[in-house]
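The values are calculated or read from the model by the stated rules, or taken from the named source; none is laboratory data. Note that the structure is predicted; figures quoted are calculated from it, not measured. Neighbour counts are summed over all protein chains in view; Cβ atoms, including those assigned to glycine, are modelled from backbone coordinates with ideal geometry.
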Amino acid sequence: MEIHPDIILMDITMPGMDGMEATRRLRVLCPDCLILALTVHDDKQYFMQMLAAGASGYITKHAAADDLIDAIHTVASGHVYLQPALARWLLEDYQRLIQQPGQSFQSPPGNHIAIVGLDALSQRERQVLEMVAQGSNNQQIGDSLGLSPKTIARHRERIMNKLNMHSRTELVKFAIRTGLVQL
């Protein structure tokens, strides 16, 4: 019996073959399969190697359960999921790349739309968005603001609907682009 999974949760440290090699092989054998790295490693080298091997997402095992569910849904819908606390590595490398001599960079078209989008958020939604972009999970945000994790999840859902975004990664990029958070 052959199986054709939609999503594969891939660990990095496995006996016999590591997750990077398994991901590379799976991308060849099953190009339609989406691979989400689920690992204990919050290390830049592993993060970059898994993305280079073809993973569609990366989340650590110490992320909250609702973040893992969000990651699975994000990858299943064809988007990339990068745990916000780790996505900064990709952004740092990108910023370093565009600042190299001889490189020119213009702000992306439609940047004014993002700023208008920020104005559409309530003060509480901005607080939640800022904390999401800083890598906090629903429990941590709720504890900080004196709200339940479910209330934070509803705030995050409203933010995503208002901004027409579908993942935490998109929210992080938006928060950085609009200046709500800085690296």
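Assorted remarks:
- Scanning the range 12-57 for residues that are part of a loop (DSSP other than H, G, I, E, B), more than 18 Å from ALA76 (Cα to Cα) and free of Cβ contacts under 8 Å to residues at least 40 places away in the same chain yields ILE12, THR13, MET14, PRO15, GLY16, MET17, ASP18, VAL40, HIS41, ASP43.
- Remark: pairs (first residue in the range 133-145, under 15 Å from LEU68 (Cα atoms); second residue modelled with pLDDT of 90 or more and of a type in the set (Ser, Thr, Tyr); Cβ separation under 9 Å; 6+ apart in sequence or on different chains) = SER136/SER144; ASN138/SER148; ASN138/THR151.
- Candidates are the residues of the range 9-65 that are of a type in the set (Asp, Glu) and at pLDDT below 90; the one that is surrounded by the most Cβ atoms within 10 Å (Cβ to Cβ) is ASP42.
- Only residues that are in contact with an Asp or Glu (Cβ under 8 Å, 6 or more places away or on another chain) and in a helix (DSSP H, G or I) were counted in the range 164-183, giving 2.
- Condition met for ALA63 (hydrophobic (A, V, I, L, M, F, W, C), part of a loop (DSSP other than H, G, I, E, B) and under 21 Å from LYS173 (Cβ atoms)): yes
- Filtering the range 162-183 to residues that are free of Cβ contacts under 8 Å to residues at least 12 places away in the same chain and more than 17 Å from the chain's Cα centre (by Cα) leaves only GLY179.
So that you can scan it fast, the table gives a plain yes or no per residue for (1) modelled with pLDDT under 85; (2) of a type in the set (Ser, Thr, Tyr); (3) within 26 Å of HIS62 (Cα to Cα); (4) not in a helix (DSSP H, G or I):
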site: SER104; (1), (2), (3), (4): yes, yes, no, yes
site: ALA114; (1), (2), (3), (4): yes, no, no, no
site: LEU121; (1), (2), (3), (4): yes, no, no, yes
site: GLU125; (1), (2), (3), (4): no, no, yes, no
site: VAL132; (1), (2), (3), (4): no, no, yes, no
site: THR151; (1), (2), (3), (4): no, yes, yes, no
